[in-house]
Amino acid sequence: MASSRKKTPWEKEWLDLSKKEEKFIARRKEGPTSVLVKKLDRFIPSKLSDTLNAAFFKGFQVIFEKGTGIIEKTYNKDKKEADFKVDTYAHELMNNRKSARSFTKRAKSAKTANLLISGVEGIGLGLVGAGIPDIPLFIAMVLKSVYEVALSFGYEYESDEEKIFILKVIEAAMCDEDEFIAKNSELNDIIDYIAAQGDRIGSWNIDKEEQMRATSRSLSEEMIYTKFLQGQLIIGIAGGVFDPIYVNRISNYAVLKYRRRFLGSRLQETEK
């Protein structure tokens, strides 16, 4: 009987990724704003959804145009790019599971400090009843975390094509239940296509502004209850505590999607 071929480190990483994605999907069956928080429906102003939509869109608009350089001052971009090169070289030498796993390990560690910062920021503004003004800071924290994850896997984030990819990741992460299943499947198909094209995105069938609006809708629909709470003096802390929960959700999902893109590209290379 012929023995089965031993799996490569990248193939083992892909199997691990598949298990992690299944666990994430299972946890997305019910979002943190369900049941108790949704009892607030009758108290929420009818125009709040439109206000949040506009605030999230404006936040993305301003940060993409003027804020990336400021966000980059909060971490050492050059070091992160150098770390990726070091990890790549180490894997070329060692070619084992430990060296293959180092990219994901760095990506996960990149988001830890961001959760603490987003918690302090969200609760602090919640104490003074500032829900809407918190949005640009929240977006900045989300993008900071996603940017650091991207760099851990060797990806840039300056081009419009990459910004659309990031926006799609955030949009899917904030969906619940059936909508998340559909968005996640669609994003996986996109990532697999990108990997098959030599890890090049190419062109999208949607422009950046349209995707910004779609992502803003996803954020506002999920966060309308917590932002309403955060905007109330004294009890605002109850809404603010959700900021790190959402940053963590988006960051964890970004690790999965960038890891899928990275591993898919490596597997494509080994098959050539």
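Couple of notes before you dig in:
- Scan of segment 168-183 for residues that are in contact (Cβ under 8 Å) with a residue 60 or more places away in the chain and farther than 20 Å from ARG213 by Cβ, ordered by number: GLU177, ILE181
- Going through (1) open to solvent by less than 20 Å² (accessible area, probe 1.4 Å); (2) at pLDDT 95 or above; (3) among the β-branched types (Val, Ile, Thr); (4) out of contact with any Leu (no Cβ under 9 Å at 6 or more places or on another chain) one by one, ILE190 falls short only on (1).
- Test: residue in segment 30-52 that is open to solvent by 60 Å² or more (accessible area, probe 1.4 Å), closer than 23 Å to GLU186 by Cα and modelled with pLDDT of 80 or more: no
- Hits in segment 169-183 (condition: in contact with a helix residue (DSSP H, G or I) (Cβ under 6 Å, 6 or more places away or on another chain) and open to solvent by 10 Å² or more (accessible area, probe 1.4 Å)): GLU171, LYS183
- Options LYS66, LYS73, LYS77, LYS108; residue that is of a type outside the set (A, V, I, L, M), at pLDDT 90 or above and either touching a strand residue (DSSP E or B) at 6+ places or on another chain (Cβ under 6 Å) or surrounded by fewer than 18 Cβ atoms within 10 Å (Cβ to Cβ) (or both): LYS77
The values are calculated or read from the model by the stated rules, or taken from the named source; none is laboratory data. Bear in mind that the values here come from a model prediction, so they are computed numbers and not experimental data. Here Cβ is always computed from backbone atoms with ideal geometry, including for glycine, and neighbour counts include all displayed protein chains. Protein only, heavy atoms only, side chains kept; ligands, DNA and RNA dropped before computing areas. Shrake-Rupley method; radii C 1.70, N 1.55, O 1.52, S 1.80 Å.
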